[in-house]
Structures are given as C-alpha cells and as structure tokens.
Amino acid sequence: MLGRMLLMASTALALTVSAALADPVTIRIVSKDLLSTNPDDVKLIETYEAALKAQGTDLDIQLVDLPSSGYADKLSAMLLSGDIPDLIYFQGGDAKMAEQGILEDWNNWLPKTTYLKDALFPHNVERLKNYPYLLYVYPPRIPQPVIRQDWLEKTGVAAPATVDDYVTLFKAIKDGDLDGNGKADTYGVTTADNTNELDAIFNQAFGVTGTWMKNDAGEWIPARVSNAEKDKIAFYASLREQGLYDPEYITTKWDVKEDKFYSGRAGVIFGSSAEVIDIYGGKMKQAHPEVPGLTLLAPPKGPAGQGLIALDVSKESRGLAIATTSQHKEEVVKFLDFVASPEGQAIERMGFEGEQYTKEGDTIKPTDKLATWYARFLVAANWQPPVQWMSPAAQESLKVIASNFKPDNAFVWPAEYAADIDATENVYRAWVYKFISGEAGMDQWDAYVAEFNNAGGQRMTDYARTVLNAQ
C-alpha cells in the first residue's frame, strides 16, 4: 500500500515538474504596423506575456513583420504561399481567404470568452451576423465637424442645431475676418477628396437614410439617384456658390485640409475619430497657443431628419481573424480575451507607467506621450478609464456616435459586380463635382441618373431588389 502511494506521489511530482518545465505555447501574429522592430510593440507583447503567465497561460507571442506599404497584397502572397499565422489582421483580401475556409467563424468563439463578448460595439454585433470572419473592436469611424472654440465664440452664433444654422455659421466664418487679416478669405468648411465628410452629418437631414431607398412606386433604388440625394447635392452647390464651401475640396488631400484649418483658411473641418480630433486640437495648439481648444458640432436637423450617416454593417472592412489551420486557437482567444479585460485594456489603452502616465498613490496623471499612444488590438466598448486624457470634443464625439447608431441596408456584393460598383462610383463622383462646381446645373439630374444606370446602376438595382425584398 505504501509503495503504491509513493508511486502515485512520484508520478504526480513528475507531472508537476514536467508542466513547470514545458515550453510556452507559441502563437504567431501578423498585423499592419505591429512590428518586432518597434520597441513599444515588443514591450507591449512582453507585458501581455507576463500578465497572462501570471494567470496560468504561458505564451510565446511572435510578431510576423510585414511592411505597411502594400500590406494587403503582401499578406495575401504570404498566406497563399502556405505561411499562415495564428492571428491575422486583414485590411482587404479577407473574402477570398474566407471562401477557401482559412478563417474561423468568430461566432463559435465569442460565447466562450469572459470579456471579449461584452466588449463589442453595436455595429460589431450586426456585422458578425452578416460576415463572421473579421473582428474589429473599435468605435466606428464617422467624420464629425469641429471648429476652434474661440472662433465659434467670435461669430456670435450659437452651436448650430439645424441645416439653416450651419449656413448661418459658415457665413459668419467667411464674413467675420476671424483670422484678422482684413480679408474675407476663409471658407466656412472644407473637406478632403470628396463630399463623404459632409454626407456624414447632412445625409439624414436631407432624408438620405441608407444606401438603398424606395421611390414613389415603392421600389428599391440606389440612394444616389433619389430625390433626397438631389436635394442634398443642390444644398452643397449652394454652399459653394455663396463661397462657404471650399471649391478646391476635390484636389484637397488630408494634409492640405488640416493646413487650411490651422492657417485660418477654413473654419470647420471633420475628424474621422476621437483620436484624430485630439490630433487636430494638439496641432492647432502648437500653431496657435492661445486657442483654448476645439468644439464639436452636432449633426443638424433638416427637412427630413437628424443624425449621423447610416453605418454599413454588411461586414468589417478590416479586422482580426483566426486561422482555421492554427493549432492553438484556444490560446489565441485567451490572449484577446485578456486584452479585452479591465487589466488588459489598462495596458492596451494607456501604455506603461512612467512613460505614458505617472502614478502617485491612487492618482494617475497622463504624460504627453499618451497622446501618441494607440491601441494595437482592440478598444473595448465597456471599459471605463481610470483617468480621462481625451479632450471634451473627442469625448463628445464618441457619445454622439453611440447615440446616433443607425444600421445601413448595404450588403456584400458578389464578385461579378465589382466592375459595376467601380463604374457607378466614378460616374457619381464626377457628376457631384460638376453639380457643386457649377459646371452642370441641377436641371441635368436626369442625365446623371441615366449615365449612372447605364454604367451598371440598373444591373445593381435589379440584383439589390432580389436581396432586399427577400429580407
């Protein structure tokens, strides 16, 4: 009996020693701008490894380096060669991998998590219903307008609440000589490349409620050929005619747009995220130390409604995927579940004590370095930071997005419609510029609609009706 007990004890000890000496589980991660040559990235991964090990999960997380330039193409080439990491960040090219069965269904894994399942934003939940292979847990990027706080005060105009209020504000910016150069040379608003940023706040106001709308006959049509779209574009054209909308928007890139804001050539610009809004605020402060900060402007009420643009929930355009070929799927999920936890989010969002923040007792103080820190994997919707480092404008932008969520009725197109999508987009952009610039009058709307339909719009509409009518 004693001999048997000694044997059992010896066996148990051997198993314990063996487990203690076992190699950590290796998981490989490939993600854009997450590199083994970046000291912050390496330190972050090492911090995660140590925290997970303290909880009983021993991981060796290896970063697969891919250059940012041409990332999507280089990633596809790597995967097609048979080199498939465990966790993959896609920024395009994911659909063909999903079709080949290389990507796991997130809906099979999220219920098994403790924190990750509750970290999702509403749009994440909707997108997973339609396309379950990518997970991108970040607030949606919807452009929102900002203005210098001191300029808004100088105009004497209250923060705009309606479309007409916006026109009043833009006029006050143009005519008020707010930059003090003695000239009325400041546009009320500028955008970059196209009118997408204006659409973010004016679509709902003019009744453009989604990608697809019903006409007077009750038939689905592209919103871009609707009467509501026509009214909206006519409004944009009127802004340009009055000198309120920068006519150079079509050739204005992001850096030029920002420079016009900092130099006083434009009073209002749009920030695509809370972080971008704070970048604008920081750069404005560098250019004009006297500026107290930026003010976020709300989406206006209009003839047909109010709110931010409807959000496409057909699929994530980018995000994280688990490879079906991975031998360590459970460990990958454990890793992301930790990142979504309160402890993980404190690391992911705030960086390192002594660098991005300091701590004295229970008091946490952000340093200047926190402004340039960014989350590498996810931003949990339910995490409450111990200290707020975002500006009031940036914080308000997140609240506006949360309270204005409206799912779009866009859907994923079959591959054979790719040429039609490109052709109709080109027709739309060309005509919008012609309408706004004055090269074409709004009385030519029917000519635009005919060209749009001939470029593939009618074929797309016929298919869309089979999808939308079946829902």
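The values are calculated or read from the model by the stated rules, or taken from the named source; none is laboratory data. Please read all numbers here as calculations on a predicted model, not as lab measurements. Note that we place each Cβ from the backbone using ideal geometry, even for glycine, and neighbour counts take in every protein chain shown. These accessible areas exclude ligands, DNA and RNA; they are computed on the full protein's heavy atoms, side chains included. Shrake-Rupley method; radii C 1.70, N 1.55, O 1.52, S 1.80 Å.
A few comments on the model shown:
- Lysine-lysine proximity count for the stretch 57-151, Cα under 19 Å, sequence distance 8 or more or distinct chains: 4
- Couplings 3J(HN,Hα) of the stretch 123-132, computed from phi: 5, 4, 4, 5, 5, 5, 5, 8, 8, x Hz, in residue order, whole Hz [Karplus 6.51 cos²θ - 1.76 cosθ + 1.60, θ = phi - 60°; x for Gly and Pro].
- Here the dipole of the chain is about 560 debye; that uses its Cα centre as origin and unit charges on the Cβ of Lys and Arg (positive) and Asp and Glu (negative).
- A run of the chain free of exposed loop cleavage sites, with GluC sites (Glu not before Pro) counted only in DSSP states other than H, G, I, E and B and at most 12 other beta carbons within 10 Å, reaches its longest extent at 1-218.
- Carbon/sulfur fraction of accessible area - the chain, other protein chains in place, 1.4 Å, %: 52 percent
- P(r) tail fraction, the stretch 157-315 - alpha-carbon pairs more than 23 Å apart, %: 40 percent
- The value of relative contact order for the stretch 94-139, using C-alpha pairs under 8 Å at least six residues apart, is 41 percent.
- 16 Å cut-off, amide nitrogen to a point 7 angstrom out along residue 141 Cα→Cβ, residues in the stretch 196-217: 196-198, 200
- For trypsin sites (Lys or Arg not before Pro), the sites in the stretch 206-301 that DSSP calls loop and that have at most 15 other Cβ atoms within 10 Å are 253.
- FRET efficiency estimate (nearest 0.05) - Cβ-Cβ, residue 451 to residue 217, R0 25 angstrom: 0.70
- With K and R counted +1 and D and E -1, the other residues having a Cβ less than 15 Å from that of residue 215 yield a net charge of -2.
- Per-residue [θ]222 nm for the chain (sum of -39500 (n - 2.57) over DSSP H runs n ≥ 4, rounded to 500): -13000 deg cm²/dmol
- Positive end of the dipole of the stretch 203-250 (Cβ unit charges, origin at the Cα centre): among 237, 215, 225, the Cα lying farthest that way belongs to 215.
- Protection proxy ranking, highest mean first, for peptides 372-385, 52-65: 372-385, 52-65, where packing is the per-residue count of other beta-carbon atoms within 10 Å, averaged.
- Within-13-Å neighbourhood charge of residue 393 [Cβ basis; K, R +1; D, E -1]: 0
- Sites residue 346 and residue 442, calculated FRET efficiency, Cβ-Cβ separation with R0 56 Å, nearest 0.05: 0.55
- Extending 7 Å from Cα along the Cβ direction at residue 359 and again at residue 255 yields two label points whose distance is 4.0 nm.
- Residues in the chain average 47 Å² of solvent-accessible surface per residue, probe 1.4 Å, ligands and nucleic acids excluded.
- Most positive-pole-ward Cα, 38, 288, 374, against dipole of the chain from beta carbon charges: 374
- Interchain or long-range residues, amide H under 5 Å from residue 268's placed H: 189, 190
- The stretch 264-293 versus the stretch 116-163: alpha-carbon centroid distance in Å: 17 Å
- Reciprocal mean inverse distance between Cα atoms of the chain - Kirkwood radius, Å: 25.2 Å
- Chain lengthening between residue 168 and residue 469 when straightened (0.36 nm per residue, less Cα-Cα): 104.2 nm
- The residues packed around residue 324, meaning those with a beta-carbon under 10 Å from its beta-carbon, carry a net charge of -1 if Lys and Arg are +1 and Asp and Glu are -1.
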